[in-house]
Amino acid sequence: MTEFRRPIFATALARLQEPRRRIQVLYGPRQSGKTTVARQLTEGYMGPTHYGSADDPALRDAAWLETQWEIARGLAGSSNTALLVIDEIQKVERWSEVVKRLWDEDTRKRVPLKVLLLGSAALLVQRGLSESLAGRFELLRVPHWSLVEMREAFGFGVDDLIFFGGYPGAVDLIGDQPRWAAYIRDSIIETSLSRDVLLLTRVDKPALMRSLLRLACDYSGQIVSYQKLTGQLQDAGNTTTVAHYLDLLAGAGLVTGLERFSPSMVRRRRSSPKLLALNNALISAGSGLTLQEARADPALWGRLVESAIGAHLLSWGGTEVTYWRDGAFEVDFVLSAGRKLLAIEVKSARRRDSLAGMERFRASHPRARALLVGADGVPIETFLATSPDRWLEGQGV
């Protein structure tokens, strides 16, 4: 079988082969396939390449990064534009300052060297870029695998994605539920926490962060106030700390808290978050249930479906995803870009529940379009196989 190539591969390769030099940055959560894409790029690139990984703790200094750069410079020549790939760049101390200096040297001397940087912790990567590399880079986000990708590579159906999520490295373990769940906990959750958050950012209460992650998975798809979150955590800090930790977990690609839709940004920041796991495997691995058992539990399956829809919306980028609530009225997701506005309601069961929340939202936001997913609306599988921007533009299939 030919190795599966994600669509991001073609985009990255095309950018690297453009005449103009820009630093390309691939970033995304662990086990989304960044390293595989980078390896495929080095194989597909028309020219000499050099790959270095900063995943080893002993290699996190400027001297190591400078050495990798010099090796790549040596591969470049008058007729060869070399490619340098650095994996886990955020683990190199003061990496952005070093990259800026070396990149600017090459620009002045017209060294034919292109650079591809990979990072797991989105917040840290973006912070380094904004501090030192403004105007020198382009971002390429590598999201969790979609239904279409999991179906093409592994034969996944929609129920498989909703329960097992989009981690390709765990696919061969799904026939052994305890082993699959252990892999998700140990190789993804714990590794993301210990190596992408706790080791690289000051976290005064790591036990609080772990408890927050578990709680966010348990409440995925639900709106929970920061006060309630703080009250349910065993080592309760203040609400500011909890909000900060939730941002760090989002940066690691684990869970996030959606803001409430409002024209006022101040009101959005003060709103209770709608918790959302960014990959459903994080929920299922902690449930202790099989796919069949979860499918037979309407309440749990409904949460999984809504979480899968939310994660799908967030994975694409370029559009803002929020929720809306006004008293007892609620809309599951609001998708917005510029003046375009789309209200999305998710129904996992075929029952004619009231859509009063949707009606109230459109009454106060007349330009908004409405979309029902599941039940008598767009089939869940169809929605998960279509990019959200098509629904926003009214071009869904």
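The values are calculated or read from the model by the stated rules, or taken from the named source; none is laboratory data. A quick note: this is a predicted structure, and the numbers were derived from the prediction, not measured. We place every Cβ from the backbone using ideal geometry, glycine too, and count neighbours over all the protein chains shown.
Hey, could you check region 278-301 for residues that are more than 14 Å from Leu161 (Cβ to Cβ) and touching a residue at least 60 places away in the same chain (Cβ under 8 Å) and say which is surrounded by the most Cβ atoms within 10 Å (Cβ to Cβ)?
First, pick out the residues of region 278-301 that are more than 14 Å from Leu161 (Cβ to Cβ): 285-290, 292-293, 296-300.
Cutting the leftovers down to touching a residue at least 60 places away in the same chain (Cβ under 8 Å) gives us 285-286, 288, 290.
Values: Ala285: 24, Gly286: 17, Gly288: 11, Thr290: 13.
Ranking the qualifying residues of region 278-301, first place goes to Ala285.
Could you tell me which residue of region 187-209 is nearest to Thr230 (Cα to Cα), considering only residues that are touching an Asp or Glu at 6+ places or on another chain (Cβ under 7 Å) and of a type in the set (A, V, I, L, M)? Steps first, please.
In the first step, residues of region 187-209 are kept if they are touching an Asp or Glu at 6+ places or on another chain (Cβ under 7 Å); the result is 205, 207-208.
Restricting the remaining residues to those that are of a type in the set (A, V, I, L, M) gives 207-208.
Numbers: Ala207: 13, Leu208: 10 Å.
Here the residue is Leu208.
Scanning for something among the polar types (S, T, N, Q), touching a Ser or Thr at 6+ places or on another chain (Cβ under 7 Å) and farther than 16 Å from Ser272 by Cβ, does region 234-243 turn up at least one residue?
Yes, there is a match, as at least one residue in region 234-243 is among the polar types (S, T, N, Q), touching a Ser or Thr at 6+ places or on another chain (Cβ under 7 Å) and farther than 16 Å from Ser272 by Cβ.
Of the numbered conditions (1) touching a Ser or Thr at 6+ places or on another chain (Cβ under 7 Å); (2) surrounded by fewer than 17 Cβ atoms within 10 Å (Cβ to Cβ), Leu392 fails exactly one; give the number of that condition.
(2)
Write out, first by first residue and then by second, each pair whose Cβ atoms fall under 6 Å of each other, whose residues are 6+ apart or on separate chains, and whose first residue, in region 99-117, is acidic (Asp, Glu) while the second is crowded, with 16+ Cβ neighbours inside 10 Å.
Asp106/Leu113
Could you list, ordered by first residue, the pairs with Cβ atoms under 7 Å in which the first is in region 8-31 and of a type in the set (Phe, Trp, Tyr) and buried (at least 21 other Cβ atoms within 10 Å of the Cβ) and the second is outside any strand (DSSP E or B) and at pLDDT below 95, at least 6 apart or interchain?
Filtered contacts from region 8-31: Tyr27/Ala122; Tyr27/Val125; Tyr27/Val142.
Across region 350-365, which residue is modelled with the highest pLDDT among those that are more than 31 Å from the chain's Cα centre (by Cα) and either hydroxyl-bearing (Ser, Thr, Tyr) or part of a loop (DSSP other than H, G, I, E, B) (or both)?
Ranking the candidates gives Ser364 first.
Would a scan of region 322-332 turn up a residue that is aliphatic (A, V, I, L, M) and under 18 Å from the mean Cα position of the chain (by Cα)? Lay out the reasoning, then the answer.
Quick first cut of region 322-332, residues aliphatic (A, V, I, L, M) only: 328, 331.
From what is left, the residues that are under 18 Å from the mean Cα position of the chain (by Cα) are none.
No - not one qualifying residue is present in region 322-332.
What about Ala296, is it over 30 Å from Leu193 (Cα atoms) and at pLDDT 95 or above?
yes
What single numbered condition from (1) in contact with a helix residue (DSSP H, G or I) (Cβ under 6 Å, 6 or more places away or on another chain); (2) free of Cβ contacts under 8 Å to residues at least 12 places away in the same chain fails to hold for Phe329?
All conditions are met except number (2).
Of all residues in region 83-98, which are within 22 Å of Arg30 (Cβ to Cβ) and surrounded by 18 or more Cβ atoms within 10 Å (Cβ to Cβ)? Let's see the steps before the verdict.
Narrowing region 83-98 to residues within 22 Å of Arg30 (Cβ to Cβ): 85-93, 95-96.
Hits for region 83-98 are Val85, Ile86, Asp87, Glu88, Ile89, Gln90, Lys91, Val92, Trp95, Ser96.
Among (1) touching a residue at least 40 places away in the same chain (Cβ under 8 Å); (2) loosely packed, with under 15 Cβ neighbours inside 10 Å; (3) among the charged types (D, E, K, R); (4) farther than 22 Å from Ile309 by Cβ, which single condition is Glu152 missing?
Here Glu152 meets the rest and fails (4).
Failed condition for Leu229, given (1) surrounded by 16 or more Cβ atoms within 10 Å (Cβ to Cβ); (2) at pLDDT 90 or above; (3) not acidic (Asp, Glu), with all others met?
(2)
How about region 245-277: which of its residues are modelled with pLDDT under 90 and surrounded by fewer than 19 Cβ atoms within 10 Å (Cβ to Cβ)?
Correct list: Ser262, Pro263, Ser264, Met265, Val266, Arg267, Arg268, Arg269, Arg270.
If we scan region 137-150, do we find a residue that is part of a helix (DSSP H, G or I), closer than 23 Å to Trp301 by Cα, at pLDDT 95 or above and touching a helix residue (DSSP H, G or I) at 6+ places or on another chain (Cβ under 6 Å)?
Step one: filter region 137-150 for residues part of a helix (DSSP H, G or I), giving 147-150.
Subsequent filtering for residues that are closer than 23 Å to Trp301 by Cα retains 147-150.
Next cut, at pLDDT 95 or above only: 147-150.
In the following step, the residues that additionally are touching a helix residue (DSSP H, G or I) at 6+ places or on another chain (Cβ under 6 Å) were identified as 147, 150.
There is at least one residue in region 137-150 that is part of a helix (DSSP H, G or I), closer than 23 Å to Trp301 by Cα, at pLDDT 95 or above and touching a helix residue (DSSP H, G or I) at 6+ places or on another chain (Cβ under 6 Å).
Look through Arg195, Arg127, Arg179 and report the one residue that is assigned to a helix (DSSP H, G or I), farther than 21 Å from Ala308 by Cα and assigned by TED's automatic domain parsing to the domain that holds Tyr51. Spell out the reasoning first.
Numbers: Arg195 fails: assigned by TED's automatic domain parsing to the domain that holds Tyr51; Arg179 fails: assigned by TED's automatic domain parsing to the domain that holds Tyr51.
Result: Arg127 is the single residue among Arg195, Arg127, Arg179 that is assigned to a helix (DSSP H, G or I), farther than 21 Å from Ala308 by Cα and assigned by TED's automatic domain parsing to the domain that holds Tyr51.
Quick check on region 36-64: of everything there that is crowded, with 19+ Cβ neighbours inside 10 Å and within 18 Å of the chain's Cα centre (by Cα), which residue is farthest from Glu88 (Cα to Cα)?
It comes out as Val37.
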